[in-house]
Ligand code: ATP
């Protein structure tokens, strides 16, 4: 009976229409509604344009130029771990002989733009596999069962494509896996649960001796959100951390992206790598690209160091804006920024790279710091210094105007984040505590006591440098920028006086 359901419905519809016409009902609205409903179900079920679009996208990716591990900068440890894991796939006979369980899933976790997608593409190239990519959000639909259907289709498509291309393996890359692989709470999210269950079922159905072999690579920047069923042995049991690149890695990435660009002789990319502390691979790529755009704007046929420097500012703070501040406001902004810069030089001599009065992104002015070297551990003294640099702007405004403005909001957010780090690392008077047990009042009290004390210290340190403010203010107002060296010369003149 079930077999003929569709036929029965198709036969029944015209009979129904004729009946309605016979009794004198207007059938046009009903027909329109019916057609609309059919279109929605057809598209959502994955047979219409919606999925056709995403599989089209996957097809394009599969055809794009192959990418090798050499084209990925830094990430040496991640690359090495990944190659080791992929060798399981390459030397299949050997692992079958030893009875080793096949590797089914590799999880790449780390901040956005660090090269996880690139690693997955290079993995496909290394193992001579078909590459199919999808994003977790592609499986999210309102209708129960649609996401699960799409997971099934993805695996089917990988097998079909590998067979067609006569490849013995296929790499399926799922970005943002946390969207479908988040912890199951057994509550409202039935659709999500079904999609995840389908993924687990597909993974359980991967066998060592099947051809083509499927390898699933997933990426996330929220590993802690993933359901433990996904992470257990036999599923995503290789976890590879893809972290922000260190200085050597940043230089490598800059060099890769400089390859197809004319760079002026003598440009020191190592200096740019030092200045771009904390940048991801994607941001470094953007620095090179923006620098090229600056060079083009200036009708220069080579990229100079100044272009790269401006590009770092742009990527860090956003594009220059046309916001015209009044004379009084400009003066306040200049004093605010000088407050940050003087504190930075007092706390960490030689650290200011530039003080600028030009509005960029949300900021009305900014101080660019020179990170001396990559650092991963911070002492209480270091973090207190960071807070004082952040408070320097507000302290300067208080010194010169007797009150602060709204321009310090971001600085206070930054300071409170550092206080949080201090508390969570057991570096405050509270000792070693579980920060999640702290009440809002306790947080407010600790913020107040640390910030009030450091604010007082900052103000008294700046008070002794009033003259430096006056000496630098006019240059900054006139030139809009003050380089780190110019600024330090002014400071040492004051010291000598
Ligand atoms: P997301 O988590 O946001 O999906 P991702 O980690 O997958 O990000 P990719 O898509 O691999 O990041 O990288 C984005 C772009 O950044 C790449 O196309 C490339 O231009 C550049 N990039 C990132 N990391 C590197 C790297 N290690 N070497 C060279 N280029 C890189």
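The values are calculated or read from the model by the stated rules, or taken from the named source; none is laboratory data. All of these numbers come straight from a predicted model, not from anything done at the bench. Here Cβ is always computed from backbone atoms with ideal geometry, including for glycine, and neighbour counts include all displayed protein chains.
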Just to check your reading of the model, which residue among 273, 295 is within 16 Å of the ligand (Cβ to nearest atom) and either in a helix (DSSP H, G or I) or within 18 Å of residue 72 (Cα to Cα) (or both)? 273
Of the residues that sit in the range 295-340 and are within 24 Å of residue 249 (Cβ to Cβ) and free of Cβ contacts under 8 Å to residues at least 24 places away in the same chain, which one is surrounded by the fewest Cβ atoms within 10 Å (Cβ to Cβ)? 310
Are any of the residues in the range 429-436 crowded, with 17+ Cβ neighbours inside 10 Å and at pLDDT below 95? no
Kindly check whether there is at least one residue in the range 328-338 that is over 28 Å from the mean Cα position of the chain (by Cα) and under 23 Å from residue 278 (Cα atoms). yes
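For every residue, the table says whether it meets (1) outside any strand (DSSP E or B); (2) more than 16 Å from the ligand (Cβ to nearest atom); (3) in contact with a helix residue (DSSP H, G or I) (Cβ under 6 Å, 6 or more places away or on another chain).
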site: 201; (1), (2), (3): yes, yes, no
site: 219; (1), (2), (3): no, no, yes
site: 237; (1), (2), (3): no, yes, no
site: 248; (1), (2), (3): yes, no, no
site: 253; (1), (2), (3): yes, no, yes
site: 256; (1), (2), (3): yes, no, no
With respect to the numbered conditions (1) within 12 Å of the ligand (Cβ to nearest atom); (2) crowded, with 22+ Cβ neighbours inside 10 Å, which one is the sole condition not fulfilled by residue 285? (2)
Taking the range 122-139 as the region of interest, how many residues are within 15 Å of the ligand (Cβ to nearest atom) and in a helix (DSSP H, G or I)? 7
Quick check: is even one residue across the range 94-101 in a helix (DSSP H, G or I), away from the ligand (no atom under 16 Å from the Cβ), in contact with a strand residue (DSSP E or B) (Cβ under 8 Å, 6 or more places away or on another chain) and under 18 Å from residue 212 (Cβ atoms)? no
In the range 108-121, what count of residues is obtained for those that are within 14 Å of residue 178 (Cα to Cα) and either buried (at least 24 other Cβ atoms within 10 Å of the Cβ) or near the ligand (Cβ under 7 Å from one of its atoms) (or both)? 3
